[in-house]
Every structure is written in C-alpha cells, then in structure tokens.
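No value in this document is a laboratory result; all are computed from the given coordinates. For clarity, every value in this text was computed on a predicted model and none was experimentally measured. Note that we place each Cβ from the backbone using ideal geometry, even for glycine, and neighbour counts take in every protein chain shown.
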Amino acid sequence: MTLALAGLRLWITRPEAQAGYLAASLSKHGAQSHTLPLLTISPPNPAQELQNALAQLEQFDLAIFISPSALDQVMLAHSKPWPSHLPVAVIGPGSAERAAQLGMQHIICPAQQFDGEGLLATLGEQTGKKIVLFRGNGGRDILPAGLIAAGASVQLVTAYQRTVAALDRPEIEQQLALGCDGIIISSSEAAQHLLNWAGEQAQLKLQCRLYFVPHPRIAAALKAHGAQHIVLTEAGDDGITRSICRYFSPVSSQKV
C-alpha cells in the first residue's frame with residue numbers, strides 16, 4: 001500500500017521540543033520532515049511573577065494556559081503535581097493533549113473555534129471568578145479583556161519568553177534545494193519572521209512555497225507577506241496530519 005505522503009519533504013517550524021510528535025505522525029504516512037524552528041522558548045526573566053502566582057494557586061478558580069509552551073514552562077517551574085482542585089482551560093486540542101500528559105485532570109477546551117474568542121464562548125459568564133492566565137511575552141489582549149467583561153478578575157502571568165530564532169540563509173537555501181513540499185507554520189509571529197528575514201531572492205522562493213496553517217490569522221499573516229499557496233488545516237498535530245494527507249489526495253481542493 002502506498003503511503004499518503006510518500007516521497008514528500010515537509011518543514012516543521014515549531015520550537016524543537018514541540019516538533020517531535022508531529023514529525024513522527026507525518027513519518028507514519030511516509031513523509032520526511034525537516035525541523036526549522038522559527039521561535040525559541042525560554043523561561044521568563046525575571047521569573048518572580050511566575051513564582052508568586054504558583055505560590056498562590058489555591059486562590060484561583062481557573063487557570064488558563066495560552067499554549068503548550070505555557071504548560072511546559074509552568075510545570076517546569078512548579079516542579080510538583082498540578083493541584084487537583086484547580087481546573088485548567090486551553091485554546092486547542094494540542095494544548096489539551098499536553099495538559100493531560102502533564103497530569104491535569106479537569107481540562108476545558110473549545111469544541112470548534114480554537115482561539116481566544118472560542119475559549120471565551122466556551123467559558124461563558126465568569127462573574128466573581130478569580131482566573132490566572134499563563135502566557136508568553138507580548139500576548140494578545142482579547143482573551144483577558146473578554147474575561148474581565150464576563151465578570152472575572154484576571155491575573156496575567158508571563159510564563160515564558162518567546163523570541164525569533166536566528167536563521168542561516170545558506171542553510172535555508174540548501175534545505176530548499178533538498179526539497180520542500182510544504183511548510184507547517186503554527187503562529188503568526190513565526191510566519192512574519194520567516195518572510196521578513198529572507199532577502200529578496202530567498203523571499204521570492206519562500207513566497208511560492210505551499211504552507212499549512214491551523215488558523216485563519218496565520219494564513220492572513222502569510223498572505224500579507226506575499227505567500228500565495230496556503231492550506232488551512234484542522235487544529236492539533238493529528239488534525240494537521242489528517243489535513244495534509246487530504247490535501248495530497250487526488251480529490252483535494254483546500255487552498256485559501
């Protein structure tokens with residue numbers, strides 16, 4: 001039986017620590033993957049804000065994690081089991097899977113719209129609730145503003161630093177020569193970095209590549225920087241893999 005992605009070479013642009021499961025999932029369907037991290041994740045500096053929040057978890061009614069990176073960095077700093085009384089809320093299925101792996105039990109996740117707006121709709125009224133929101137530096141304000149409008153008091157905590165990764169233009173050129181049948185991008189910031197970084201010649205090559213993205217906001221960022229071929233995927237690693245397999249099937253028509 002021919003595997004759906006046999007002979008294809010796909011780029012994964014997540015931080016290295018978050019690329020393994022997706023690479024393995026794509027490999028099961030025959031694809032070769034190349035990891036090109038566009039962002040680096042590091043602990044917050046200073047870390048006192050995070051440490052203070054972790055010391056006061058019993059005061060909160062809900063903890064929200066904006067990404068798998070937030071989950072990883074919080075649990076790294078917490079270094080003990082998550083308190084069983086405290087439910088957690090996450091944006092999408094990838095974070096929900098990671099929360100379960102980390103031993104969290106009561107996990108709230110949107111059923112369809114995997115972004116801040118979707119989580120707000122899922123949570124609904126929050127009058128009198130005390131919520132701690134763990135996120136990276138420079139996060140969007142839509143979610144905390146919506147929670148406050150829903151009646152909650154919100155403590156924002158920077159759980160990690162997100163910085164753009166240094167890229168090597170000759171290496172990118174070499175990897176393009178080796179093959180690039182699609183580039184998987186999981187954040188708008190990563191999309192902007194890749195296409196802003198490139199010189200004119202490399203940028204033209206990258207703009208012509210095929211991109212797989214799990215959210216319309218990322219697709220919009222790519223379009224704004226000249227990308228021409230974009231496929232909107234399902235959320236989560238398994239959803240991304242399913243969408244890529246469907247795209248390369250003979251009856252696909254998923255371009256956005």
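Each peptide in 183-189, 33-39 receives the mean, over its residues, of other Cβ atoms within 10 Å, and ordering these scores from highest gives 183-189, 33-39. In terms of its C-alpha gyration tensor, region 110-230 comes out prolate, because a/c is 1.5 or above and the ratio a/b outweighs b/c. Beta bridges from DSSP with both residues in the chain: antiparallel share about 15 percent, rounded to the nearest 5. Which shape class applies to region 26-82: rounded if a/c is under 1.5, otherwise prolate when a/b exceeds b/c and oblate if not, where a ≥ b ≥ c are the square roots of the Cα gyration tensor eigenvalues? It comes out prolate by the Cα gyration axes.
Rounded if a/c is under 1.5, else prolate if a/b is larger than b/c, else oblate: which is region 42-163, with a ≥ b ≥ c the root eigenvalues of its Cα gyration tensor? Note, shape of region 42-163 comes out rounded. If R0 is taken as 35 Å, the Cβ-Cβ distance between residue 171 and residue 223 corresponds to a FRET efficiency of 0.85. Each Cα pair under 8 Å and six or more residues apart adds its sequence gap; the mean of these over the residue count of the chain is a relative contact order of 20 percent. Could you name the lysines in cross-link range of residue 205, using Cα to Cα under 21 Å and dropping any fewer than eight places away on the same chain? In chain and number order, the partners are 223, 255. Cross-link partners of residue 28 among aspartates and glutamates, defined as those whose alpha carbon lies under 12 angstrom from its own and excluding same-chain residues fewer than eight positions apart: 238. Subtracting the Cα-Cα distance of residue 232 and residue 28 from 0.36 nm times their residue separation leaves 71.3 nm of extension gain. Of all lysines in the structure, those lying under 24 Å Cα to Cα from residue 80, and not within fewer than 8 positions of it along the same chain, are 130.
For the listed peptides 24-30, 205-211, 86-92, a ranking on the average number of other beta carbons within 10 Å per residue, highest first, reads 86-92, 205-211, 24-30. Would you indicate which of (1) 43; (2) 37; (3) 33 is the value of percent of Cα pairs over 28 Å apart derived from the coordinates of this structure? Comparing each candidate, only (2) matches the computed number.
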